[in-house]
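Working notes, beginning with the structure itself.
The values are calculated or read from the model by the stated rules, or taken from the named source; none is laboratory data. Predicted, not measured: the structure shown is a model, and the values here were computed from it. Positions of Cβ are backbone-derived with ideal geometry, glycine not excepted, and every protein chain shown enters the neighbour counts. Please note that ligands, DNA and RNA were not included when accessible areas were found on the heavy atoms of the full protein model with its side chains. Shrake-Rupley method; radii C 1.70, N 1.55, O 1.52, S 1.80 Å.
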Amino acid sequence: MAITAFGAGGGPAAAVDAAPKRRSWVALFLLLPGILYLVLFFIVPLVSLIITSLETQSPDGAFAYGFQWQNYVDSVGTFGTQIWRSFFFAILATVIALLFSYPLAYFIGVKARRWPLLQSFMLILVVAPFFISFLLRTLAWKTILSDDGPVVSALKGLSLLGPQAHITGEPIAVVFGLTYNFIPFMCLPIYTTLERLDIRYLEASSDLYAGGWATFRKVTIPLSLPGIVSGTLLTFIPAAGDYVNASQDFLGGTSSTMIGNVIQSNFLVQENYPVAAALSIVLMFVILVVVSVYVKRSGTDDLL
Amino acid sequence: MTPQNSFADSGADLELTGISKRFPGFTAIENLDLTIPAGSFFALLGPSGCGKTTTLRLVAGLEEPTTGQILIGGKDLTRTKPYQRPVNTVFQSYALFPHMTVLDNVAFGLKRRRMSDPIGKAHEALRLVELDHLAGRKPQQLSGGQQQRVALARAVVNRPALLLLDEPLGALDLKLRRQMQLELKTIQNEVGLTFVHVTHDQEEAMTMADTVAVMNKGRIEQMGAPEDLYELPHTAFVANFLGQSNLFTGPVSSSTSNSISVEVGGRRIVVPKDRAQVHDGTVTIGVRPEKLTLLTAAPANDSGENVIGPGRVIDVSFSGVSTQYVVAVPGVGDIIVFAQNMVFGPVVEVGAEVWMSWTVDHGFGLSDSPELVSAGA
């Protein structure tokens, strides 16, 4: 719809185009630092990563360049479970984080408008965890959820958990950690759209025979969709590649290893660079596909 | 209490009894009683902050009254939610949903009520406001006037028993406003709904409404047909808010069976008793500027005419169809006269000495105490 709107004014748009042409050198000059930055820190590493992913290993252990497509087949074959698990965990964490964040953001952005002090206070509470390193916070959760910690003891006392059961090292702990760590990233973009939500639209909806639920579904959600989309992207993308929560030093275990952990161990521990690089590219590619389908389907290009 | 699945057959009457609305720190509406008969075009007229929009929001259910009852079509709907009321509003800001097309906006209410063929009915409503060709556009791609018509279609399509209009023409330029006023009136005649129109534009209220209620400081000052309000205002507020008035205050010096005489600046001004609210003591009387006739010589005594003057013309301003003169009369104050621009009329210059006369039947007496009048003026 936005495109048709701009397309309608074909005549004036063409006239406007002519002016920037004269200044294109200035524009290029101003863009130069950004372009250099992207080339140096994005294009070069990406090309290097692609080259690495195609290297072959000679019997003496040295890596040499070759068109070793087999690296991709091998790594996806070997680590398929971890890839699936990563996306499953990331989607699960994103959905749970959304379920927690939306009501929270709605309360701060809409209900708390009448009390600006409460609004600021709650926003600070959402952001407050950032003042402590996220490694430390995840370690703290490890302690809280550990076998002799309060949560496990309490659950065992209530017979909700078997005597031999754990929480840390299990998938539930990893998903919990991901959800916990990414809630602020989900909450803040949703808050920004809800904070601007014009209450008069809700009144109009109510005036037009829509009850609370219908108004929420038909008006509030669509109007806050840009925030939901940015929040889910900010959660899903890093969560899919996360290697901290699922690490065995933190909340993960052998049954909850994610693709990030595999890549990390192949790069830094086993020094199997081609596999690590191939997995990174596979991860990147899948995220790219998932995200583009998602953004296209949600149709928010119209609202942004 | 669920929204009904059929259209209202006709407009319903609205009855407000003992309505008050208090917000923290101020009272928006004070003990308001109001009955609006079914099928009428009713205008609530008043300056900003007089409580007219709050009244509308109370009827729509967007605010809850502190005291009192709201009855629509005889049913008490005071405590019901907005979506349970057979009422639709054309909002001042239009509040068209930006994420929906014009068509979806118009069909919204029908779909919520699960009416049959919402899209067909929405097209029909858009045809009524002559915007069906823009049905696929988003509201922000329309001009202000077009958005206003979409807002109207979105409300009218539901055939509410009561249609509330909250200064819907405020954002439009004069020409478009005139056009929309006519369209609104036509639509009201066609669909036979009860319209409640809130406005601060006295001309708009008078041209469109069957009944006008002038509101001030949370209460209704006067209610009636536009002509009656204009010709016979009861209070100084109404006299000054609806058009302009010349007001004089003085003691009642004598009275007959059907008129009172008031001492103003050494002259006796006669007002018919049935046009005066108060018949003794110190009273305020008035006359509309266009009812005055300018005279360049002192007129002969005529019992059917009131005369004031002499005074000096201190300002003349020409406005096309008429000329406005301001005449300073010693002991009375400034008096405004509108004179039609007719070729044979007396044309006077600034500084000329003039008298003014008007037919006794054109005067009116107000109910306000004199202190209030001077404070209000």
Of the accessible area of the range B:236-374, computed with a 1.4 Å probe and all protein chains kept, carbon and sulfur make up a percent value of 53
Expressed in angstrom, Rg and Dmax over the Cα atoms of the range B:225-320 are 14.3, 42
Two pseudo-spin positions, 7 Å from Cα along C-beta at A:Leu40 and at B:Lys175, lie apart in nanometres by 6.0
Restricting to lysines and to Cα separations under 16 Å from B:Lys291, and discarding same-chain partners fewer than 8 apart, the set is none
Cα-based Rg/(2.2 N^0.38 Å) for the range A:151-304, rounded to two decimals, is 1.39
Helix B:144-156 sits off the longest principal axis of the Cα atoms of chain B, rounded to the nearest 10 on a 0 to 90 degree scale, by 70
Of all DSSP beta bridges having both residues in the protein assembly as shown, the percent classed as antiparallel (nearest 5) is 75
Whole-Å distance linking the alpha carbon centroid of the range B:277-308 with that of the range B:14-39 is 38
Restricting to lysines and to Cα separations under 26 Å from B:Lys217, and discarding same-chain partners fewer than 8 apart, the set is B:Lys21, B:Lys52
The simple spin-label model distance between A:Ala165 and A:Leu268, using points 7 Å out along Cα→Cβ, in nm, is 3.3
Between B:Asp302 and B:Ala225, Cβ-based FRET efficiency (R0 41 Å, step 0.05) works out to 0.85
Among B:Ser20, B:Ser253, B:Ser317, the residue with the largest mean-square fluctuation in a Gaussian network model of chain B built from Cα contacts under 10 Å is B:Ser317
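Once the Cα gyration tensor of the range A:69-132 is found, what semi-axes does its equivalent ellipsoid get, as square roots of 5 times the eigenvalues, in whole Å, sorted largest first?
For the range A:69-132, the ellipsoid semi-axes come out as 42, 13, 7 Å.
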Carbon/sulfur accessible area of the range A:79-303, % of total, 1.4 Å probe, equals 71
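I'd like the interface area for chains B and A: accessible area of each alone minus the complex, both sides summed, 1.4 Å probe, protein heavy atoms only. What is it in Å² to the nearest 100?
Interface between B and A: roughly 2100 Å².
Per residue of B:87-100, count partner chain C-beta atoms within 10 Å of its C-beta, then hand back the mean as an integer.
Average neighbour count from other chains, rounded to a whole number: 5.
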Those helices of chain A passing the 15 Å axial Cα length cut-off and the mean Kyte-Doolittle cut-off of 1.6 (DSSP H runs only) are A:24-38, A:116-127, A:273-298
With Cα coordinates, the longest principal axis of chain B makes an angle with the long axis of helix B:174-191, in degrees rounded to 10, of 60
So the carbon and sulfur contribution to the accessible area of the range B:5-231, 1.4 Å probe, in percent, is 48
Contour minus Cα-Cα span, B:Phe26 to B:Thr67, at 0.36 nm per residue, comes to 13.3 nm
CD proxy, 222 nm, chain A: helix-only mean residue ellipticity via -39,500 (n - 2.57) per DSSP H run with n ≥ 4, per residue, nearest 500, stands at -22500 deg cm²/dmol
Projected onto the charge dipole of the protein assembly as shown (unit charges on the beta-carbon of Lys, Arg, Asp and Glu, signs +1, +1, -1, -1), the Cα from B:Gly365, B:Val156, A:Phe79 with the largest positive-side position is that of A:Phe79
Quick numbers on the protein assembly as shown, Rg and Dmax over C-alpha atoms in Å, give 37.5, 132
accessible surface per residue for chain A, probe 1.4 Å, DNA/RNA/ligands not counted, whole Å² -> 57
Output field shielding_mean for A:193-205 (other chain Cβ, 10 Å radius) holds 4
Taking only Cα atoms of the range A:24-145, the Rg to Rh ratio with Kirkwood Rh works out at 1.16
Convex hull around the C-alpha positions of chain B: the volume in Å³ per residue is 167
For peptide B:107-113, the mean count of other chain Cβ atoms within 10 Å per residue Cβ is 5
Quick calc: nm separation of the 7 Å Cα→Cβ label points for A:Trp84 and B:Lys273 -> 10.1
Longest principal axis of chain B (C-alpha) makes with the long axis of helix B:102-112 (C-alpha) an angle, in degrees to the nearest 10, of 70
Percent antiparallel among DSSP beta bridges confined to chain B, nearest 5, equals 75
Answer in debye to the nearest 20: the dipole magnitude of the protein assembly as shown about its Cα centre, from +1 Lys/Arg and -1 Asp/Glu charges placed on Cβ, is 1420
At R0 = 25 Å the Cβ-Cβ FRET efficiency linking A:Phe107 and A:Phe134, nearest 0.05, sits at 0.55
Normalised per residue, the volume inside the convex hull of the alpha-carbon atoms of chain A in Å³ amounts to 229
If R0 = 30 Å, then A:Ser24 and A:Tyr65, at their Cβ-Cβ distance, give a FRET efficiency to the nearest 0.05 of 0.20
